[in-house]
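Below is one structure, written out as structure tokens, with a few remarks after it.
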Protein chains: 2
Amino acid sequence: MANKSIQNQKLGILGGGQLGRMLIQSALDLNIDINVLDPDENAPCKHISAEFTAGKLTDFDTVYKFGKSCDLLTIEIENVNTQALKKLQSEGKKVFPQPDVIELVQDKRTQKRFYKENNIPTADFVLTENKEDVRKYTDRLPAVHKLGREGYDGRGVQVIKDKEALDKAFDAPGVLEDLVNFKKEISVIVARNENGEVKAFPVVELVFHPEANLVEYLFAPAGISERVALEAERLAITVINTLGMVGLLAVEMFVTHDDQVLVNEIAPRPHNSGHQTIEANYTSQYEQHLRSIFNMPLGDTSAVLPSAMVNLLGEDGYSGTAKYEGLEEVLGQKGVHVHLYGKKLTKPFRKMGHVTIVDEDVAVLRQKVDFVKNTLKVIA
Amino acid sequence: MANKSIQNQKLGILGGGQLGRMLIQSALDLNIDINVLDPDENAPCKHISAEFTAGKLTDFDTVYKFGKSCDLLTIEIENVNTQALKKLQSEGKKVFPQPDVIELVQDKRTQKRFYKENNIPTADFVLTENKEDVRKYTDRLPAVHKLGREGYDGRGVQVIKDKEALDKAFDAPGVLEDLVNFKKEISVIVARNENGEVKAFPVVELVFHPEANLVEYLFAPAGISERVALEAERLAITVINTLGMVGLLAVEMFVTHDDQVLVNEIAPRPHNSGHQTIEANYTSQYEQHLRSIFNMPLGDTSAVLPSAMVNLLGEDGYSGTAKYEGLEEVLGQKGVHVHLYGKKLTKPFRKMGHVTIVDEDVAVLRQKVDFVKNTLKVIA
């Protein structure tokens, strides 16, 4: 019985950052005790985990030993030692998402091959082994070069405009992708439990920061047609079912000018594009992740109100002990929810928090996004 | 500047039960570090406070020493040593609610005198010193006899129906109150910050458990006329302004059959009658409490959706390690949010958690309250 599991199973998370922190905030409501492993002694989860272990997520022995003390394991970051997770799984521990799914996602090359093999629409690409290799494909430029492994939060991705820019190419295994002339970037978060129940959250529209290459803000629902929304949901569900994964999966997609939907990247965990569900939806992505990995019935994903989410990034030019300028002004606005991540130190573009805004009127929502962006600053 | 305060002040809470736990869950979003003092080594706040101290809340030295390590102090239970708080206050610590307000509320006799002196409508009463004293007032029966001090969660209150029942009277200082033939019990939660800004939450309707004498469930909004709702809000605002208190105040009231509103009792802290605000209102009572004591702008109190809240009480006849029967069935319902309090042991009528239900349709809300009451049980 699943509810028996919740009371008696010890959940371990690999990673103790903001995603783990919000997962714990949600887990508290279900009396789920969570142990956390993170390399940073001052990780955001430090004070709120049942047990906190400082250690490397990529080290076999560290992950294996941590996993032995838990009954069920999950992740809040993909860059973890999957060999240790596979051994734990073979010894009877539950690991969700499954280690083979994490491995597939860790490398953008296997991700892209997976889309191709399963007829999931994605931008055309070639695999490249090193910088020299990329020079063969001048006819494909302009293109996006992505590092196969260890890219994160906008690192490991760059546009190569023309032959002159080829020198920027990564000198390691990667993917050279067609530059998609998209009109919108969107995301669908979908969950699947062990019973095979699947539910998708409504499509959100992402706006990226021009310099930092990570989400600056988002709107839910996305400003797209019903047809495109249905296609995006269908694709997200296809991806999670094809992977056969248990847990939460974020599927980032492009909408082209002729309304094609292409899968860009996936992340098998709670995701930046689902933060707004805490306030704006009947079930939050964090609770949905817990429901899926504990094989509980999935929660209703519909929105209570339209919403926006603004990432609160460390202001460029400031490093050191974080100060939050304009917090009081922002808290004075109706429907504004501030989430700070408990990080003592700021640096340029570091994710320090986010702000969710709910409002029945989408025009008001847009005004409030501008107000928050212009008012709340993380300085040092 | 208030936002500077939040970053630099250490908040201490006297009491580490479920109210403190939900306050910490909210405080995490604002990077507020909270130290907790509670006599129970396994209190619900244990694992999520920045620092947890086990110690008696009624002991002068314990409270004083704890308070010295904090900049700002608040409570989640009234039964604390106010002498220590007064000394801390005189030494420059901020204590909200103020110790004199806590003292006034600790004794139902001073509470009742306060209403009378300030022309706040309340049930007629006489003060009684002991059991013998109560016998003088046979002409006032049936009446409610309340212990002056240390009543909590329904303890220390009883109805004396007639002369034959006089033997049940408390043999300690108390209040003998007219038995109000009310049609509804309601509550208004109101907040006030140091700037004097005051905001009230919408009126909720309380339904009490017939045996346990504590809230079994509630509905928001209350099923009362606009006029009665305005009068209830006006009274709550009058009480907090008259007290001059800073923080959150729950004002429980009776609505009589001729639509008079009478103040019954007050509690200067987050309250059982405000749990549903976490999901159902733009601002939760917990965030509002933090905003008020840190002198931040108060949040919008309006409801996003109609809601109900069901207290999850330990089932009569069961004591021991808690098990949650029917959790899965309840989680399968749309708009249902389960909050468990992290208590390992259950006993009859112990508050083990609560369930909030949101729905646009009030009739559906009532059906779901019945479903939750009949389905989710805390047994051992």
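Details
- Where only C-alpha atoms are counted, convex hull volume of the range A:167-241 per residue in Å³: 154
- Treating each Cα of the range A:64-132 as one equal point scatterer and applying the Debye formula with no solvent, the log10 of I(q)/I(0) at q = 0.14, 0.18 Å⁻¹ comes out as -0.54, -0.74.
- Nm distances between copies for B:ARG155, ranked from closest, using label points 7 Å along Cα→Cβ: 5.6
- Note on A:SER284, A:SER26, B:SER69: ascending count of other Cβ atoms within 10 Å places them as B:SER69, A:SER26, A:SER284, the fewest first.
- Charging the Cβ of each Asp and Glu at -1 and of each Lys and Arg at +1, and nothing else, the dipole of the protein assembly as shown about its Cα centre rounds to 1280 debye.
- Listed residue (A:ILE189, A:ASN241, A:LEU376) projecting farthest to the positive dipole end of the range A:182-379, Cβ model: A:LEU376
- Label geometry 7 Å along the beta-carbon vector: A:ASP61 inter-copy distances in nm: 4.7
- Cα convex hull of the range B:1-59 - mean projected area over all directions, nm²: 4.1
- For A:ILE75, the residues 5 or more places off, or on other chains, whose built amide H falls under 5 Å of its own are A:LEU14.
- The protein assembly as shown - share of DSSP beta bridges that are antiparallel (%, nearest 5): 80
- Take B:ASN119, move 7 Å from Cα toward the beta carbon, and the resulting point lies 8.1 nm from the same point in each other copy, nearest first.
- Derived scalar couplings ³J(HN,Hα) [the range B:326-335; Karplus, 6.51 cos²θ - 1.76 cosθ + 1.60; whole Hz; x for Gly, Pro]: x, 4, 5, 4, 5, 5, x, 8, 5, x
- Residue pairs, from the table A:LYS10/B:LYS94; A:LYS343/B:LYS56; A:LYS334/B:LYS183; B:LYS108/B:LYS347; A:LYS56/A:LYS199, whose Cα atoms sit over 29 Å apart: A:LYS10/B:LYS94; A:LYS343/B:LYS56; A:LYS334/B:LYS183; A:LYS56/A:LYS199
- Principal semi-axes in Å for the range A:181-222 [√(5λ), Cα gyration tensor, largest first]: 27, 11, 9
- Cα centroid separation - the range B:344-380 against the range B:61-107, whole Å: 34
- Identity and axial distance of the chain B residue whose Cβ lies nearest the axis relating B to A, Å: B:ILE48, 2
- Span-like helix ranges in chain A, DSSP H, alpha carbon extent 24 angstrom or more, Kyte mean at least 0.5: A:226-243
- Two-decimal log10 I(q)/I(0) for the range B:205-267, as the Debye equation yields it once each C-alpha is a single scatterer, q = 0.26 Å⁻¹: -1.23
- Only one residue of A:ASN81, A:GLY15, A:PRO39 has its Cα farthest out toward the positive end of the dipole of the range A:6-95, where Lys and Arg carry +1 and Asp and Glu -1 on Cβ, and that residue is A:ASN81.
- Table column - 3J(HN,Hα) (Hz), the range A:126-143, Karplus curve with 6.51, -1.76, 1.60, x for Gly and Pro: 10, 8, 10, 9, 6, 4, 4, 4, 5, 4, 5, 10, 4, 5, 8, 7, x, 8
- Averaged over the residues of A:321-334, the number of partner chain Cβ atoms lying within 10 Å of the residue Cβ comes to 5.
- Whole-percent pair-distance distribution, where bins are 20 Å wide, for the alpha carbons of chain B: 28, 61, 11, 0
- Alpha-carbon radius of gyration plus Dmax, which is the widest Cα pair, for the range B:182-379 in Å: 16.9, 49
- Fraction in percent of alpha-carbon pairs per bin - 5 Å, the range B:14-136: 2, 11, 18, 18, 16, 12, 9, 8, 5, 2, 0, 0
- Cα-only radius of gyration and Dmax that characterise the range B:79-204, units Å: 17.3, 53
- The range B:124-178: C-alpha gyration tensor shape, a/c 1.5 cut-off, then a/b vs b/c: prolate
- From the largest down, the range B:197-309 spans 39, 30, 28 angstrom on the principal axes of its Cα atoms.
- Dipole size of chain B about its Cα centre, with +1 on Lys/Arg Cβ and -1 on Asp/Glu Cβ: approximately 680 debye, rounded to the nearest 20.
- Cα extents of the protein assembly as shown along the three principal axes, largest first (Å): 104, 51, 49
A short reminder: the numbers here are calculations on the coordinates, not readings from a lab. This one's a predicted model, so the numbers in the text were calculated from it and none came from an experiment. Don't worry about glycine lacking a Cβ; one is built from the backbone with ideal geometry, like all the others, and counts go over all protein chains shown.
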